[in-house]
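J.: So that we are looking at the same thing, I have put the structure below in structure tokens.
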Amino acid sequence: MAPIGLVAAMREELAALLAELPTATASRVGGRDFWTVSWHGQPLVVVLSGIGKVAAATTATALIERFGVGAIVFTGVAGGLASGARVGDLVVARHLLQHDLDASPLFPRFEVPLTGMSRFATDAALSDALVQAAQAALETVRQTLPPTEWLGLDLHAARVHEGLIVSGDRFVSTHRERAALVQALPDALAVEMECAAMAQVCHDYGVPLAALRTISDQADDQATVDFLRFIRHIASRYSAAVVGHWLRARA
Ligand code: ADE
């Protein structure tokens, strides 16, 4: 069975899961540690990509070329763009787009030049499985994380969304930039800095990709404070719960 690449950008996004993983063999490639491990009967290659589109593309390429992964699953946090995408909600990507890619007037804005594509579809079956796991994980997080550690969020109201996630090499942290993104891409649910670049690499290689993001902030003037609090205290609980439910359901 080909391993699945399991990726997060930052250690904070995967800390709880790394703590649960059985002892793994680490190989260092391109300045990153790739942990080869079997969890719930599923061979995995777990790696922290680092932040940004280039880091994500390098990591995806190494996973495919050096570790022969049959699919990649990304888990991490994102800024909420849709009005209903609140801090503490989960978003499963059905499509991914690079919001800072603009070779106009030679090519339409957002289009990856010479491909005719701007929106890259994620793998339907893997994404369906992540939606199921995300719903179960919300319940797990509510039950296992004491309400005193909910950072004032109402996690009972947290929801799972599915749709467009956009990526770019910017941490979106002003009302102005957020508004411009929402105007240009009204159906975007969330913004982050990696997954659309991974989607382009996975498309080139014909490798299925799925991405799940927890909303850590609203990509506005408060984003930096919210983001840092969320990744320190909650983010990795979500990742560990989602991945645990997903792998147990596959076993
Ligand atoms: N990841 C989490 N929050 C983000 C934001 N506001 N902008 C870009 N990436 C993010």
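The values are calculated or read from the model by the stated rules, or taken from the named source; none is laboratory data. Quick caveat, the model's predicted, so the values are computed rather than measured. No Cβ is skipped: glycine too gets one built from the backbone with ideal geometry, and neighbour counts run over all protein chains shown. The protein model used for the area step is the full one, side chains on, heavy atoms only, and it has no ligands, DNA or RNA in it. Shrake-Rupley method; radii C 1.70, N 1.55, O 1.52, S 1.80 Å.
J.: Can you name every residue in segment 117-129 that is open to solvent by less than 60 Å² (accessible area, probe 1.4 Å) and part of a loop (DSSP other than H, G, I, E, B)?
T.: The answer is Ser118, Thr122, Asp123.
J.: Let me ask you something else. Take the residues in segment 175-197 that are within 12 Å of the ligand (Cβ to nearest atom) and assigned to a helix (DSSP H, G or I), then tell me which one is farthest from Ser49 (Cα to Cα).
T.: Going through the qualifying residues, I end up with His175.
J.: Please work out if Ala15 is buried (at least 17 other Cβ atoms within 10 Å of the Cβ) and at pLDDT 95 or above. Outline the logic, then answer.
T.: Values: buried (at least 17 other Cβ atoms within 10 Å of the Cβ): yes; at pLDDT 95 or above: no.
So Ala15 does not fit the description; no.
J.: Mind counting the residues in segment 154-172 that are open to solvent by 40 Å² or more (accessible area, probe 1.4 Å) and either within 15 Å of the ligand (Cβ to nearest atom) or touching a Gly at 6+ places or on another chain (Cβ under 9 Å) (or both)?
T.: Residues that pass the stated criteria total 6.
J.: Going through segment 79-116 one residue at a time, which ones are acidic (Asp, Glu), surrounded by 15 or more Cβ atoms within 10 Å (Cβ to Cβ) and over 29 Å from Arg229 (Cα atoms)?
T.: Glu111
J.: Residues of segment 199-231 being away from the ligand (no atom under 13 Å from the Cβ), within 17 Å of the chain's Cα centre (by Cα) and not in a strand (DSSP E or B), which ones?
T.: Result: Ala199, Gln200, Val201, Cys202, His203, Val207, Pro208.
J.: Now, a different point. Condition first: touching a strand residue (DSSP E or B) at 6+ places or on another chain (Cβ under 7 Å), outside any strand (DSSP E or B) and surrounded by 12 or more Cβ atoms within 10 Å (Cβ to Cβ). Now tell me which residues in segment 18-46 satisfy that.
T.: Leu21, Ala24
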